[in-house]
Amino acid sequence: MAARRAFAAAVSLSMLFALSPATAQTPPAESIQIGLSTDAISITAGFSGADLTIFGSLENPDPLIARQGRYDVIVVLEGPPRPVVVRRKDRVLGVWINLDSETFENVPVSYSVATTRPLQDIAEPAKYKQLSLGAQNLYMKPADETDSPATIEEFTAALRDRKAATGLYSENVGGVQFLSQNLFRATVRLAPNVPVGTHKARAFLFKSGMFVKESSAQLEIRKSGFEQSVFRVAHDDSFLYGVFAISLAMLTGWLGRLIFRKD
Amino acid sequence: MGIYLPIAEISVNVFVLLAMGAAVGFLSGMFGVGGGFLITPLLIFYNIPPAIAVATGANQVIASSFSGALSHFKRGTLDFKLGGVLLAGGIVGSTAGIFVFALLRRLGQLDLFISLLYVVLLGTVGGLMLVESVNALRASRSGAAPVLKKSGQHNWIHRLPFKMRFRASKLFVSVIPVLGLGAGIGFLSSIMGVGGGFIMVPALIYLLKVPTNVVIGTSLFQIIFTSAYTTLVHATTNQTVDVILAFLLMAGGVAGAQYGAKAGQRLRGEQLRALLAMLVLAVAIRLAADLFVTPPNLYSLSAAGLN
């Protein structure tokens, strides 16, 4: 009896000892990392949109879950936030006129999403709303919150729709691919009219429909040397720029006459 | 070949812009107008933001009108004094126009106002010219001698005070309508991105009775300065002049204009006017359709806080 008790004590003792390494043994929490090959992209004269590849890795993935394909990654490239006015045309005396409008604060100018699977297959819609993730779930803050919810709803939908139509908000289902158990590659689209400024790349890790972790990196999109110079001069030395534009026009007019003269 | 426009912040096709410039240049050379009333709507159809289309259109007009004014200067069909007075009015009108432009842009009604102005002005001018030229064509076909301008004919404009003599135009007229006309054209130039030749030419001929050979040169001369001023003000207040865009249009335009001028010499005056009238009306109808036809999308976005 005593021996048995001693044995039990030894077991419980050994279990106790085993517990502390066990905390290290229960799989440590998964996390996600992404890396950009560059922290700045220059838009050159020939720019007509591009695909941006972002590599990332899963840290401490559970091999079983990984094999079952129950890890999902959503990568977002979010443009700089800016206030936007959405206007609606209505018919007045037969003419279509901008009448109602709604201003939203801090709307990302662009929003490209790449996912492993269709969004609805990864997690519950409520989850996306909570994370403000995905073009359809992104929270748009109206400047005037006293407007009726129906109006705000209507203009928010129109805002998303217009952004998608111009290619600024895009979704690339299957754009995230696992290259190995740990490594993944995401391809997000940069629209031809992608805004310049500081963009934010964010990666969201989901495990069996549950959000686990987020990681982000910054990406500067700017005009390349020449385009940047033109833009800067136009804004900083606008008078000189105007004089230059006029001189260029006169020179072109004069040269054109010399070269192509027909009379 | 695509090119990225630094101010419009959009990627466009170089050849489309060159062709657009050449086509408009050809027509403007043929008819002796700056072509701004064609280039601005074309740019808007090509998805260039209206504010940039207007300011860049004004810049483009300088090139074609400078090129045209040079040849008129060499032929001696340019009234500097008349052009100068028109210009004085033009600067005032242009300044007012820039303020209205910025105001409308803030209110979100800029596009509507530009379209309405185009429809009303192009419709009126095109319609009047078409009626006049068809009458002239019919008269010449029936063998009747064309009705010449009666030099003694006066209208209410000639009874206004502050008369001034314009020697090159063989004109003795009050400065009030000249200044007013200049101001009106300047206003339109800054809001519509046009030189205003399509209004200036008929107004000088029919209202002030300036001899037709002097009209085009003088109108082009004053348009250079009005559109240069407009370009400068848009560049400084709105930063909406895109030199790359303007240069592509000009390069196509000056080439096209010289061929157009050659082609124009083969046509008779009233045929030319009838064709121009139809062109102007076609643009007006196209723009009017946009105002009245249900747009495919009722919603539009614009950056908030633009002044």
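The values are calculated or read from the model by the stated rules, or taken from the named source; none is laboratory data. Worth saying up front: this structure is predicted, and the values here are computed from it rather than measured. Counting neighbours? That spans all protein chains shown, and the Cβs are built from the backbone with ideal geometry, glycine included.
Brief remarks follow.
- Restricting A:158, A:201 to those that are more than 8 Å from chain B (Cβ to nearest Cβ) and either part of a helix (DSSP H, G or I) or at pLDDT 85 or above (or both) reduces the list to A:201.
Residue-wise test of (1) assigned to a strand (DSSP E or B); (2) at pLDDT below 70; (3) within 14 Å of chain B (Cβ to nearest Cβ).
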residue	(1), (2), (3)
A:17	no, yes, no
A:20	no, yes, no
A:29	no, no, no
A:32	yes, no, no
A:38	no, no, no
A:41	yes, no, yes
A:53	yes, no, no
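Yes/no per residue for (1) crowded, with 19+ Cβ neighbours inside 10 Å; (2) on the phi > 0 side of the Ramachandran plot; (3) in contact (Cβ under 8 Å) with a residue 60 or more places away in the chain:
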{"residue": "B:11", "(1), (2), (3)": "yes, no, no"}
{"residue": "B:42", "(1), (2), (3)": "yes, no, no"}
{"residue": "B:45", "(1), (2), (3)": "no, no, no"}
{"residue": "B:59", "(1), (2), (3)": "yes, no, yes"}
{"residue": "B:69", "(1), (2), (3)": "yes, no, yes"}
{"residue": "B:115", "(1), (2), (3)": "yes, no, yes"}
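- Taking the conditions (1) within 14 Å of chain B (Cβ to nearest Cβ); (2) under 15 Å from residue A:160 (Cβ atoms) in turn, residue A:76 satisfies each one other than (1).
- Meets criteria (basic (Lys, Arg), more than 10 Å from chain A (Cβ to nearest Cβ) and within 26 Å of residue B:109 (Cα to Cα)) for residue B:286: yes
- Selection status of residue B:232, within 7 Å of another protein chain (Cβ to nearest Cβ) and without any contact (Cβ under 8 Å) to a residue 40 or more places away in the chain: yes
- Test: residue in the stretch B:134-156 that is of a type in the set (Val, Ile, Thr), at pLDDT 80 or above and either closer than 24 Å to residue B:61 by Cα or part of a helix (DSSP H, G or I) (or both): yes
- Flag: residue A:228 matches the condition of being within 14 Å of chain B (Cβ to nearest Cβ), over 20 Å from residue B:228 (Cβ atoms) and among the polar types (S, T, N, Q).
- Verdict on residue B:201 being over 19 Å from residue B:99 (Cβ atoms), more than 8 Å from every other protein chain (Cβ to nearest Cβ) and either surrounded by 23 or more Cβ atoms within 10 Å (Cβ to Cβ) or in contact with a Cys (Cβ under 9 Å, 6 or more places away or on another chain) (or both): yes
- Taking the criterion of being of a type in the set (A, V, I, L, M), within 13 Å of chain A (Cβ to nearest Cβ) and part of a helix (DSSP H, G or I), the residues of the stretch B:40-69 that qualify are B:52, B:55, B:58, B:61, B:62, B:63, B:69.
- Scope the stretch A:183-210; condition touching a Lys or Arg at 6+ places or on another chain (Cβ under 6 Å) and crowded, with 16+ Cβ neighbours inside 10 Å; matching residues: A:196, A:205
- Residue within the stretch B:86-99 that is more than 9 Å from every other protein chain (Cβ to nearest Cβ), at pLDDT 85 or above and within 22 Å of residue A:192 (Cα to Cα) present: no
- Test: residue A:215 is touching a residue at least 12 places away in the same chain (Cβ under 8 Å), at the interface with another protein chain (Cβ under 9 Å from one of its Cβ atoms) and small (Gly, Ala, Ser): no
- Some residue of the stretch B:49-57 being out of contact with any helix residue (DSSP H, G or I) (no Cβ under 8 Å at 6 or more places or on another chain) and surrounded by fewer than 24 Cβ atoms within 10 Å (Cβ to Cβ): yes
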